[in-house]
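Data block below; observations after.
The values are calculated or read from the model by the stated rules, or taken from the named source; none is laboratory data. These numbers were taken from a predicted model, which means no experiment stands behind them. All Cβ positions, glycine included, derive from the backbone under ideal geometry; neighbour counts span all protein chains shown.
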Amino acid sequence: MNILVCLKQVPDTQKVKIDPERNTLIRKGVPSITNPLDESALELALEVRSITGGKITVLTMGIPDSEEILRDGLSLGADGAYLLTHRDFAGADTLATSYTLSMAIKELGGFDLLLFGKQAIDGDTAQVGPEVAGHLGIPVVTFVTNVQKTAKDIIVVERMIENGKEIVEAEYPVLLTVVKAAQRLRIPTLEGMIKSFDIPVHRLGVQDIGADSSRCGLKGSPTRVKKIFSPKMNSKVKFIEGSIDEKAKKFISIVRGI
Amino acid sequence: MEYKNIWVLVEKQNEGIHPVVFELLSKGRSLKEALGERLIAVFFGKLKDRDKAELERYGAEEILAIHIDEGMDENHELLAELACMAVEEERPQIILAGATINGRTLMPLIAVQLKTGLTADCTELRIDKDREILLQTRPAFGGNIMATIECADSKPQMATVRPHVFKMKKTRDPVKAKVKSKRYSPVMRRTVRVLETIAQEEKMDITRTDIIVSGGRGLGKADGFELIGELSRKLGGMVGASRGAVDLGWISHAHQVGQTGRTVSPKLYVACGISGAVQHLAGMKGSETIIAINEDPDATIFEAADYGIVGDLYDIIPRILKEMESSGRA
């Protein structure tokens with residue numbers, strides 16, 4: 001089984017703060033992490049490989065520093081790593097990102113199973129996975145919670161639907177977007193870490209993947225962010241004062257007034 | 001041919017239409033007025049009289065009924081193919097769909113094929129009248145910031161909106177919608193097979209209740225949810241939770257409110273022991289009335305709340321329960 005896992009380096013949104021004066025994100029001092037849902041995808045890949053055997057390749061697009069998350073993937077047992085980094089890739093929206101990733105995937109070739117986190121916690125669009133499948137012309141199964149069966153020709157997965165779940169069978173190649181799994185990503189072993197030091201992270205630019213640079217990055221992005229602002233907060237909170245009894249009574253009278 | 005008119009993709013639910021479709025049509029009416037264009041519902045499959053009447057009530061002026069073979073209407077690849085063929089022919093200016101699991105799977109497939117932009121999970125849609133462009137506002141970075149996005153040079157402009165974001169409002173002057181039936185023969189691509197559909201045993205859906213009582217890490221222990229559960233039962237509501245409490249394993253993910261959980265907008269939201277991380281606020285600030293109970297008077301949750309009670313929830317909630325009991329009803 002030839003498995004691809006796409007990863008994204010994201011700021012830890014739990015630690016992002018807003019500069020109230022300038023209405024901008026304070027990124028300074030905010031740690032970069034692997035998108036947690038991509039970690040679920042990687043864990044799923046490791047589980048599948050332990051049954052089927054084969055290879056796991058990790059791929060990301062980002063600044064040169066994103067190599068770090070690929071290194072983490074290798075230390076957990078990925079067999080190969082590719083970093084799409086080039087100034088022409090910068091400023092990409094989901095269409096340009098998915099185009100670039102799909103060109104790299106075509107160039108690397110031969111994947112049976114392509115795994116993505118359902119969404120990244122910075123952009124939250126949940127679009128890149130299905131859009132890559134669209135570019136590649138392969139089927140996609142979104143909101144996958146676990147893999148039930150893997151065989152030579154087919155994979156059976158469970159996915160969320162609005163009012164329950166669905167069991168879906170797919171032939172390879174297929175792309176899955178994975179929701180947060182109950183099982184956390186494993187911790188690298190010392191042996192795995194040492195072994196991973198010898199594995200190179202290959203860097204890929206526009207030419208390496210035969211991409212049309214007008215379809216990458218900001219140039220290839222039909223959407224533009226026109227304005228950024230802080231979400232409106234209701235600062236008119238009324239504090240209920242008094243004894244516990246008075247607070248309880250007031251609570252009940254508010255609730256009854258609704 | 002010029003791109004014109006606003007499409008709302010109709011998603012089905014059980015035997016009827018998903019409520020988010022009516023919410024989108026309600027919003028779509030103001031958009032189409034600003035543009036001076038038409039509001040069109042796009043329906044896949046056999047259109048029943050009841051469906052047509054409902055779509056009309058929320059302002060659909062035209063219904064594009066696209067034929068799809070029975071049992072194929074959950075095949076996203078096929079739906080996308082059909083939608084793209086219809087777009088080529090009809091050239092809509094704007095396409096809207098619910099940010100449901102189906103919508104979030106189908107819309108990206110359509111956008112890629114049309115090589116156009118798509119904005120996910122919008123919380124506000126407006127028309128820039130001078131430029132006749134759709135302004136799409138959505139939260140990003142876990143709700144830390146809001147961004148207004150446009151797709152000015154590429155058509156159609158596409159957006160998804162979560163259920164409950166827009167209010168459902170019937171139109172005062174419904175028209176008899178013209179039904180345009182379409183039949184296409186797309187090249188069948190390889191797709192997946194659904195082997196089994198399992199309805200959720202747990203009937204709990206926190207997006208469908210008027211009252212939510214939520215607990216967070218401030219409960220201090222898993223048992224705290226028993227108290228939260230009691231208060232929610234007394235109020236006739238459901239139990240919500242912050243990501244912190246869910247991550248600690250105190251309660252299941254189905255209860256989680258916020259960025260990686262559910263977005264809710266009940267009439268009453270009671271936040272107990274929740275500090276108010278932006279991810280949580282993003283999921284509940286649309287609630288009509290918010291009451292926060294927290295020990296820390298500086299907790300962020302109070303910035304989102306209408307009423308604040310500073311104190312120990314283990315003192316206050318039992319007192320509320322006792323008080324409700326002695327006064328007979330909630």
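Here residue A:215 meets each of (1) within 11 Å of another protein chain (Cβ to nearest Cβ); (2) under 25 Å from residue A:140 (Cα atoms); (3) in contact with a strand residue (DSSP E or B) (Cβ under 6 Å, 6 or more places away or on another chain) with one exception, condition (3).
Yes/no matrix, rows are residues, columns are (1) hydroxyl-bearing (Ser, Thr, Tyr); (2) closer than 26 Å to residue A:33 by Cα; (3) not in a helix (DSSP H, G or I):
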residue	(1), (2), (3)
A:124	no, yes, yes
A:130	no, yes, no
A:133	no, yes, no
A:152	no, no, yes
A:177	yes, yes, yes
A:187	no, yes, yes
A:191	no, yes, no
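Of the strands (runs of 3 or more DSSP E) lying entirely inside region B:170-242, the ones with 2 or more residues being farther than 30 Å from residue A:138 by Cβ are found at B:178-182, B:211-215, B:238-241.
For region A:88-127, filtered to residues that are more than 8 Å from chain B (Cβ to nearest Cβ) and free of Cβ contacts under 8 Å to residues at least 40 places away in the same chain, the residue that is farthest from residue A:217 (Cα to Cα) is A:109.
Looking across A:141, A:132, A:178, A:168, one residue alone is within 7 Å of another protein chain (Cβ to nearest Cβ) and either surrounded by fewer than 19 Cβ atoms within 10 Å (Cβ to Cβ) or closer than 27 Å to residue A:211 by Cβ (or both). It is A:141.
Here is the figure for region B:52-71: residues that are buried (at least 18 other Cβ atoms within 10 Å of the Cβ) and either hydrophobic (A, V, I, L, M, F, W, C) or over 18 Å from residue B:24 (Cβ atoms) (or both) total 7.
For (1) in contact with a Ser or Thr (Cβ under 6 Å, 6 or more places away or on another chain); (2) crowded, with 24+ Cβ neighbours inside 10 Å; (3) within 29 Å of residue B:20 (Cα to Cα); (4) in the same structural domain as residue B:167 (by TED's automatic domain parsing), each residue gets a yes or a no:
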site: B:213; (1), (2), (3), (4): yes, yes, yes, no
site: B:228; (1), (2), (3), (4): no, yes, no, no
site: B:232; (1), (2), (3), (4): no, no, yes, no
site: B:248; (1), (2), (3), (4): no, no, no, no
site: B:256; (1), (2), (3), (4): no, yes, yes, no
site: B:260; (1), (2), (3), (4): no, no, yes, no
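Taking region A:154-171 as the range and being within 12 Å of residue B:105 (Cβ to Cβ) and assigned to a loop (DSSP other than H, G, I, E, B) as the test, only A:162 passes. Scan region B:155-168 and tell me whether some residue there is more than 11 Å from every other protein chain (Cβ to nearest Cβ), more than 21 Å from residue A:130 (Cα to Cα) and in contact with a Phe, Trp or Tyr (Cβ under 8 Å, 6 or more places away or on another chain). Checked against the condition, which is being more than 11 Å from every other protein chain (Cβ to nearest Cβ), more than 21 Å from residue A:130 (Cα to Cα) and in contact with a Phe, Trp or Tyr (Cβ under 8 Å, 6 or more places away or on another chain), region B:155-168 yields at least one hit. Would you confirm, using the coordinates I've provided, whether residue A:197 is loosely packed, with under 15 Cβ neighbours inside 10 Å and more than 9 Å from every other protein chain (Cβ to nearest Cβ)? Yes. Taking region B:77-105 as the range and being part of a helix (DSSP H, G or I) and either in contact (Cβ under 8 Å) with a residue 60 or more places away in the chain or farther than 18 Å from residue A:134 by Cα (or both) as the test, the residues that pass are B:77, B:78, B:81, B:82, B:83, B:85, B:86, B:87, B:89, B:90, B:102, B:103. Answer with yes or no whether residue B:270 is closer than 22 Å to residue A:240 by Cα and either assigned by TED's automatic domain parsing to the domain that holds residue B:123 or touching a helix residue (DSSP H, G or I) at 6+ places or on another chain (Cβ under 8 Å) (or both). Yes; evaluated as a whole, the condition is true for this residue. Of all residues in region A:112-129, those being modelled with pLDDT of 95 or more and either acidic (Asp, Glu) or surrounded by fewer than 24 Cβ atoms within 10 Å (Cβ to Cβ) (or both) number 1.
Within region B:49-57, identify whether any single residue is closer than 20 Å to residue B:118 by Cβ and either more than 14 Å from every other protein chain (Cβ to nearest Cβ) or not aromatic (Phe, Trp, Tyr) (or both), and answer yes or no. So far as region B:49-57 goes, no, none of its residues is closer than 20 Å to residue B:118 by Cβ and either more than 14 Å from every other protein chain (Cβ to nearest Cβ) or not aromatic (Phe, Trp, Tyr) (or both). Of all the numbered requirements in (1) among the hydroxyl-bearing types (Ser, Thr, Tyr); (2) in contact with a Leu (Cβ under 9 Å, 6 or more places away or on another chain); (3) within 12 Å of another protein chain (Cβ to nearest Cβ); (4) surrounded by fewer than 18 Cβ atoms within 10 Å (Cβ to Cβ), residue A:189 misses one, and that requirement is (3). Strands (runs of 3 or more DSSP E) fully within region A:1-116 that include at least 1 residues being within 17 Å of the chain's Cα centre (by Cα) and under 19 Å from residue A:203 (Cα atoms): A:2-6, A:9-11, A:32-34, A:55-61, A:80-84. Can you name the residue in region B:264-275 that is in contact with a strand residue (DSSP E or B) (Cβ under 8 Å, 6 or more places away or on another chain) and over 17 Å from residue B:220 (Cβ atoms) and is also surrounded by the most Cβ atoms within 10 Å (Cβ to Cβ) among such residues? Going through the qualifying residues, I end up with B:270.
Counting just the residues of region A:144-162 that are farther than 27 Å from residue A:97 by Cα and polar (S, T, N, Q), which one comes out farthest from the other protein chains (Cβ to nearest Cβ)? It comes out as A:150.
Would you please name the residue that is modelled with the highest pLDDT, looking only at residues in region B:56-72 that are over 19 Å from residue B:179 (Cα atoms) and of a type outside the set (A, V, I, L, M)? Among residues in region B:56-72 that are over 19 Å from residue B:179 (Cα atoms) and of a type outside the set (A, V, I, L, M), the one modelled with the highest pLDDT is B:70. Residue count for region B:295-310, restricted to those that are more than 27 Å from the chain's Cα centre (by Cα) and either surrounded by 19 or more Cβ atoms within 10 Å (Cβ to Cβ) or not assigned by TED's automatic domain parsing to the domain that holds residue B:242 (or both): 3. Residue A:56: more than 14 Å from every other protein chain (Cβ to nearest Cβ) and modelled with pLDDT of 95 or more, yes or no? For residue A:56, the condition - more than 14 Å from every other protein chain (Cβ to nearest Cβ) and modelled with pLDDT of 95 or more - is met. Which of the residues spanning region B:38-72 are part of a loop (DSSP other than H, G, I, E, B) and in contact with a helix residue (DSSP H, G or I) (Cβ under 7 Å, 6 or more places away or on another chain)? Answer for region B:38-72, where residues must be part of a loop (DSSP other than H, G, I, E, B) and in contact with a helix residue (DSSP H, G or I) (Cβ under 7 Å, 6 or more places away or on another chain): B:38, B:58, B:59, B:60, B:68, B:72.
In region B:107-147, the qualifying residues are those that are in a helix (DSSP H, G or I), facing chain A (nearest Cβ under 7 Å) and at pLDDT 95 or above, and the one that is surrounded by the most Cβ atoms within 10 Å (Cβ to Cβ) is B:108. Is region B:190-200 home to any residue that is surrounded by 13 or more Cβ atoms within 10 Å (Cβ to Cβ) and more than 11 Å from every other protein chain (Cβ to nearest Cβ)? Among the residues of region B:190-200, not one is surrounded by 13 or more Cβ atoms within 10 Å (Cβ to Cβ) and more than 11 Å from every other protein chain (Cβ to nearest Cβ), which makes the answer no.
Residue B:245 satisfies every condition listed in (1) outside any loop (DSSP other than H, G, I, E, B); (2) within 13 Å of chain A (Cβ to nearest Cβ); (3) of a type in the set (A, V, I, L, M, F, W, C); (4) more than 23 Å from the chain's Cα centre (by Cα) except (2).
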